[in-house]
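Okay, so here's the structure we're looking at.
Every number here is computed from the coordinates shown, using simple stated rules; none is lab data. Since the model is a prediction, treat every value here as computed from it, not as a measurement. Don't worry about glycine lacking a Cβ; one is built from the backbone with ideal geometry, like all the others, and counts go over all protein chains shown.
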Amino acid sequence: MTMSTTQPARHTVQVVRQRTTAALSRHSIDLLRISLGLVFLVFGALKFVPGLSPAEPLVARTMEVLTLGLLPEPVALFLVAALETFIGLALLIGGRLLAAGLVALAVAMVGILSPLVLFAGDLLGAGPTLEAQYVFKDIVLVAAALVVTAKALGARLTVAR
């Protein structure tokens, strides 16, 4: 191939790459916020119906430890369901509600990840249980929340040229 025939192809690849990068930098964090909101909304809504959430026993056990047994299980589950649903709605709606949702999310993350400390032996003793896998996927939610929070606080995604 001669130099003249490869130049247009390289230019086309470069233009496609720049446009793709520009589109991703404009929209990817908002898409992350929306998908995170959907996850919290659905997981929260499931917890309103007793027996519907596969995480219900773990949530009940965790809340019992975190509240020193002061909250009855149905109340604790309702509060977790309401908190997660609020977080989901705040992330989906955005705007002024986003800041409150992100603060609630920070509080929720303590509870969401605490089973790794409180029940490590039960979750990982003879290999990871289904509950452990459920908690480990929450690590990705924490990372996503950090990115969304950084943008909400004013960070900007920069594109290398």
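One table, with the values for the structure above:
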| item | result |
| --- | --- |
| The chain: relative contact order as a whole-number percent, Cα under 8 Å and 6+ apart | 27 percent |
| Theoretical ellipticity at 222 nm over the chain - DSSP helices of four or more residues, -39500 (n - 2.57) apiece, nearest 500 | -26500 deg cm²/dmol |
| Dipole of the chain, positive direction: furthest Cα of Phe43, Ala145, Val80, with charges on the beta-carbon | Ala145 |
| Additional length obtainable on full extension of the chain from Val110 to Gln7, 0.36 nm per residue less Cα span | 31.7 nm |
| Computed magnitude of the charge dipole of the chain (debye, nearest 20; Cβ of K, R +1, Cβ of D, E -1) | 1180 debye |
| Percent breakdown of C-alpha pair distances by 10 Å bin, ordered from the shortest bin, for the chain | 10, 31, 27, 15, 9, 6, 2, 0 |
| Loop trypsin sites (Lys or Arg not before Pro), the stretch 47-128, which have at most 14 other Cβ atoms in a 10 Å radius of their Cβ (DSSP) | Arg96 |
| Cα gyration tensor shape of the stretch 71-161, rounded if a/c is under 1.5, else prolate or oblate by comparing a/b with b/c | oblate |
| Efficiency of FRET from Cβ geometry, Ala143 and Ala22, R₀ 35 Å, rounded to 0.05 | 0.90 |
| Within-14-Å neighbourhood charge of Arg33 [Cβ basis; K, R +1; D, E -1] | +1 |
| Mean-position separation - Cα centroids, the stretch 72-129 and the stretch 1-64, in angstrom | 20 Å |
| Residues Leu97 and Thr129, FRET efficiency given R0 of 45 Å [Cβ-Cβ distance, rounded to 0.05] | 0.80 |
| Pair Thr67, Val49: separation of 7 Å Cα→Cβ label points (nm) | 2.3 nm |
| For the stretch 63-74, 3J(HN,Hα) per residue [Karplus equation, 6.51 cos²θ - 1.76 cosθ + 1.60, θ = phi - 60°, Hz, x = Gly/Pro] | 5, 4, 6, 5, 9, 6, x, 6, 9, x, 3, x |
| Tilt relative to the chain, helix 130-152 - C-alpha long axis, 0 to 90 degrees, to 10 | 50 degrees |
